[in-house]
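Asker: Let me give you the structure first, and then I'll get to my questions.
Please treat every number below as a calculation from the coordinates, not as lab data. Here the structure is a predicted model, which is why all the values come from computation and not from measurement. Positions of Cβ are backbone-derived with ideal geometry, glycine not excepted, and every protein chain shown enters the neighbour counts.
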Ligand SMILES: C[S@@+](CC[C@H](N)C(=O)[O-])C[C@H]1O[C@@H](n2cnc3c(N)ncnc32)[C@H](O)[C@@H]1O
């Protein structure tokens, strides 16, 4: 099916609260465990999470890499508000910082150069998807680890509905609605490969990791 874009920024208070209060514990823990397995010699340093939302992955990264400095970037102050409260509760304000910024970043990034750049479920929001790959290349140091996970667009509307019913049967309507529209807005593998090619990142691995997820991983060129 053709891609149907969805709004980029999740700044509605009801939508942000539903997302922040949803239980993505297993998904987020899986994301961090997969990152750690993919980059098993990675020891910490500066990590940047693009489109961090309520910052659950930022927190898990800080708890996994106990000397790391973690920076989350998102355009939605509503989402970041949920993240700031969770960071304060976890007493991780000293090592996790959130930045309200819209991608593509204009002017100075205001971020330290990253040893690793990660992103979960941002790509499908972007009308100009090269924005993600170009931002990763900009905020990562040469050789930085890159780990991006997102949804895959199913073949048909019926397939998208079936995936929502299978994996989000008991979720609130607002989350089921978002999930369906996110599936319809997601990119296919061939489209992602073209984005990487256009952004000078053709060396990245693009792996289909479930019936609805794709993962892009690798290292930035070492210069
Ligand atoms: C589906 S949420 C994912 C949040 C988080 N990564 C997670 O896994 O829970 C996508 C996030 O990307 C943010 N976003 C979308 N487009 C953006 C842009 N152009 N610049 C900055 N943030 C953006 C939204 O505001 C939202 O918080």
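Asker: What residue among 26, 90, 137 has the largest mean-square fluctuation in a Gaussian network model of the chain, using Cα springs under 10 Å?
Answerer: Taking springs between Cα atoms under 10 Å, the residue moving most is 26.
Asker: Rg to Rh for the range 124-223: what is it, with Cα atoms only and Rh by Kirkwood? List each step's numbers first, then the result.
Answerer: Values: Rg = 15.0 Å, Rh = 14.5 Å.
Over the Cα atoms of the range 124-223, Rg/Rh equals 1.04.
Asker: Let me ask something else about it. In Å, what is the Rg of the alpha-carbon atoms in the chain, and how long is Dmax?
Answerer: 16.5, 48
Asker: Under the 0.36 nm per residue contour assumption, what length would be gained going from the current alpha-carbon distance of residue 3 and residue 106 to full extension? Walk me through the intermediate numbers first.
Answerer: On the way: separation 103, 0.36 × 103 = 37.08 nm, distance 2.71 nm.
Value of the extension gain: 34.4 nm.
Asker: Here's something else I'd like to know. P(r) for the range 17-68: what percent of alpha-carbon pairs falls in each 5 Å bin, starting at zero?
Answerer: Computed distribution, short to long bins: 4, 19, 30, 27, 12, 6, 2, 0.
Asker: Next question. Would you mind checking the range 15-47 for residues with the amide N under 17 Å from a putative spin-label position 7 Å along Cα→C-beta of residue 205?
Answerer: Zone members listed by number: 31-42.
Asker: Something else now. Roughly how many Å is it from the Cα centre of the range 68-86 to that of the range 152-223, as a whole number?
Answerer: Using only Cα atoms, the two centres lie 23 Å from each other.
Asker: On to the next question. When ranked by the protection proxy of mean other Cβ atoms within 10 Å per residue, highest first, what sequence do the peptides 153-159, 81-87 form? Walk me through the intermediate numbers first.
Answerer: On the way: 153-159: 14.6, 81-87: 18.9.
Listed from highest to lowest mean packing, they are 81-87, 153-159.
Asker: Related question: According to a simple spin-label model (label point 7 Å from Cα along Cα-to-Cβ), what is the distance in nm between residue 113 and residue 177?
Answerer: Result: 4.5 nm between the two label points.
Asker: Once the Cβ-Cβ distance between residue 40 and residue 158 is put in as r, and R0 is 35 Å, what FRET efficiency do you end up with, to the nearest 0.05? Please report the intermediate quantities before stating the final value.
Answerer: On the way: r = 40 Å, r/R0 = 1.14.
For R0 = 35 Å, the calculated efficiency reads 0.30.
Asker: Using mean Cβ contacts within 10 Å as the protection proxy, how do 13-20, 139-146 order, highest first? The partial results should precede the final answer.
Answerer: Values: 13-20: 16.6, 139-146: 18.9.
Ranking, from highest mean packing down: 139-146, 13-20.
Asker: Order 64-74, 162-172 from most to least packed using the mean count of other Cβ atoms within 10 Å.
Answerer: On the way: 64-74: 20.9, 162-172: 13.3.
In decreasing order of mean packing, 64-74, 162-172 become 64-74, 162-172.
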